Amino acid sequence: MKLVLNNVEKAFGEKKVLKDASFTFEKGKIYGLLGRNGAGKTTLFNCISGEMECDGGKVTLLDENNKETIIDYSKVGFVFSQPILPEFLTGYEFLKFYIDINKSKIQSLLTIEEYFDMIKIEEEDRHRLIKGYSHGMKNKIQMICFLITRPPIILLDEPLTSLDVVVALQIKNLLKQIKSEHILIFSTHILQLATDLCDEIVVLNNGILEEISNDVLKSDDFENKIMEILKEEGDA
Ligand SMILES: Nc1ncnc2c1ncn2[C@@H]1O[C@H](COP(=O)(O)OP(=O)(O)OP(=O)(O)O)[C@@H](O)[C@H]1O
Ligand SMILES: [Mg+2]
């Protein structure tokens, strides 16, 4: 399975955010997406998930036989940096609802308690309103959603930034465990995280996507090289 971006373009008014973004993402790998604030990472995710319509170019999902399949919301799991969840439900109620509406797509279902255990949400928090959850807890609930439905494409928009170090490590291990069956794209500003979690690093800069070669990734001054790529003229 492959996710293919062909010359994707997206502008907001005069501002061209994605200019000619082309890249092929493959199943079984975790891709780290790096880019400056405002580079267009979230916009790119929105174009992949179909949340936003591209102005030009094409996003396609190819199955194992290179047959094109249409990307709709059921194929994409999205963990937003600003989690959007119904605050008037408890974590448990929300997951029960989520399982109910996705029943036909779920292949092997665990109990809600087992999902909570997997992602380390304490028992005492499971029946509290989401309204009172911390940012990190809301991110975790979003992660449970993709663990339930296991969509082929999983997009994580800076999800680990709000998680404490212990949970971040657990989530990293979890992502490594499930990666063989998914296309995982992970945006982050933490270089260290990108290098130790991701199999490939892709940079979004000036509206285009560029892969960072293995030579650069393995070099001692990797950080400096990335900085060079991301720095704009005029930056100190
Ligand atoms: N709905 C929108 N309407 C107008 N402009 C938008 C919209 N969404 C994004 N933009 C603009 O597009 C550019 C890219 O934004 P985007 O949120 O994709 O960047 P980002 O790489 O995710 O940044 P960050 O690292 O800060 O999260 C910014 O200049 C932003 O102001
Ligand atoms: Mg963003």
Taking segment 21-33 and the residues there that are in contact with a helix residue (DSSP H, G or I) (Cβ under 6 Å, 6 or more places away or on another chain) and aliphatic (A, V, I, L, M), the one that is farthest from ligand 1 (Cβ to nearest atom) would be 30
Residue pairs qualifying under the 7 Å Cβ cut-off, at least six apart or on distinct chains, with the first in segment 35-51 being more than 6 Å from ligand 1 (Cβ to nearest atom) and the second being in a loop (DSSP other than H, G, I, E, B), are 46/52; 47/54; 50/71; 50/72
Exercise for the section: Examine segment 132-147 for a residue that is part of a strand (DSSP E or B) and over 15 Å from residue 80 (Cα atoms), and state whether such a residue exists. Expected result: no
Restricting segment 194-236 to residues that are of a type in the set (Gly, Ala, Ser) and more than 21 Å from residue 24 (Cβ to Cβ), the one modelled with the highest pLDDT turns out to be 219
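To keep it simple, each residue is scored yes or no on (1) of a type in the set (D, E, K, R); (2) within 16 Å of ligand 1 (Cβ to nearest atom); (3) modelled with pLDDT of 85 or more; (4) in contact with a strand residue (DSSP E or B) (Cβ under 8 Å, 6 or more places away or on another chain).
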position	(1), (2), (3), (4)
127	no, no, yes, yes
137	no, no, yes, no
148	no, no, yes, no
163	no, no, no, no
166	no, no, no, no
171	no, no, no, no
Within segment 50-77, residues surrounded by 13 or more Cβ atoms within 10 Å (Cβ to Cβ), more than 15 Å from the chain's Cα centre (by Cα) and in a strand (DSSP E or B) come out as 56, 57, 59, 60, 61, 62
Log entry, pairs with first residue in segment 166-183 being at negative phi and assigned to a helix (DSSP H, G or I), second being aromatic (Phe, Trp, Tyr) and surrounded by 13 or more Cβ atoms within 10 Å (Cβ to Cβ), beta carbons closer than 8 Å, six or more apart or on different chains, reads 175/186
Practice prompt. Consider residue 56 carefully, then state whether it is farther than 26 Å from residue 196 by Cα and more than 16 Å from ligand 2 (Cβ to nearest atom).
Written response: yes
Would you say residue 156 is aliphatic (A, V, I, L, M), under 14 Å from the mean Cα position of the chain (by Cα) and part of a strand (DSSP E or B)? yes
When restricted to 3, 33, 18, 44, the only residue away from ligand 2 (no atom under 16 Å from the Cβ), surrounded by 18 or more Cβ atoms within 10 Å (Cβ to Cβ) and not in a loop (DSSP other than H, G, I, E, B) is 3
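The values are calculated or read from the model by the stated rules, or taken from the named source; none is laboratory data. All values derive from a computational prediction rather than experimental measurement. Note that each Cβ is placed from the backbone with ideal geometry, even for glycine, and that neighbours are counted across all protein chains shown.
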